[in-house]
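Please treat every number below as a calculation from the coordinates, not as lab data. Quick caveat: nothing in here was measured; it's all calculated off a predicted structure. We place every Cβ from the backbone using ideal geometry, glycine too, and count neighbours over all the protein chains shown.
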Amino acid sequence: MIKIDWTILLQAANFMVLMLVLNIILYRPLRDLLNRRRESVDGAHSRARELEAQIAEKMSRYQEQLQQAKLKGNEEKAALRVAAARDEAELLAAAHQVGSEQLQTIKNRVQAEATAARMSLKVETEALAAHVATKVLGRAL
């Protein structure tokens, strides 16, 4: 059976001293260490959130710049196509003009050669006709 006497007061005092010593030596440093670790983890979390926000902002700026670059590229592409179509039309018109001029020159040359050939054939025809008539008639004309 348990008796209550002066030793219980001694044990209570011993317990209080032990708690005081443990609090000074073990619990307080452990609580400080846990508080510092919690602060460190909370700081790391806040830095991570800040970095995520910065990354999101930079990604949105990057996407915006990329979109602007694509629009600018499409505009330049369209402008180059218009310029190329204009240049093509000019080149085709010039080539058509040169071709028309060359065709006209060839037509004129062919017509001149045909006229010269007709004249030559007319002269030869008259001479040949006179020769045939002389042979057929047996006398000179």
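Return the FRET efficiency for the residue pair residue 75, residue 97: r is the Cβ-Cβ distance, R0 is 30 Å, and the value is rounded to the nearest 0.05.
Values: r = 33 Å, r/R0 = 1.10.
Working from the Cβ atoms, E equals 0.35.
Evaluate the Kirkwood expression for the hydrodynamic radius of the stretch 34-91, namely the inverse of the mean inverse distance over all pairs of different C-alpha atoms, and round to one decimal in Å. Present the calculation step by step, with values, prior to reporting the outcome.
Details: mean 1/r = 0.0648 Å⁻¹.
That comes to 15.4 Å for the stretch 34-91.
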Check your understanding: Among residues other than residue 64 whose Cβ falls under 13 Å from its Cβ, what is the net charge (Lys/Arg +1, Asp/Glu -1)?
Key -> +3
Revision key, fill the gap. Among [x] 17.9; [y] 15.6; [z] 28.5, the value of Kirkwood radius over Cα pairs in Å computed for this structure carries the label [z]
Practice item. Of the options 41, 131, 13, report the single residue whose Cα projects farthest towards the positive end of the charge dipole of the chain (beta-carbon charges: Lys, Arg +1; Asp, Glu -1). Key: 13
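Within the chain, count lysine pairs with alpha carbon atoms under 30 angstrom apart where the residues are 8 or more positions apart or belong to different chains. Intermediate results must be reported in sequence, preceding the final value.
Values: 58/70; 58/72; 58/77; 107/122; 122/135.
Pairs that pass both the separation and distance tests number 5.
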Check your understanding: So, counting K/R as plus one and D/E as minus one, what does the shell of residues with Cβ under 13 Å around residue 42 add up to?
Key -> +3
Check your understanding: Taking Cα atoms, how many degrees apart are the long axis of helix 28-137 and the longest axis of the chain, rounded to 10 and kept between 0 and 90?
Key -> 0
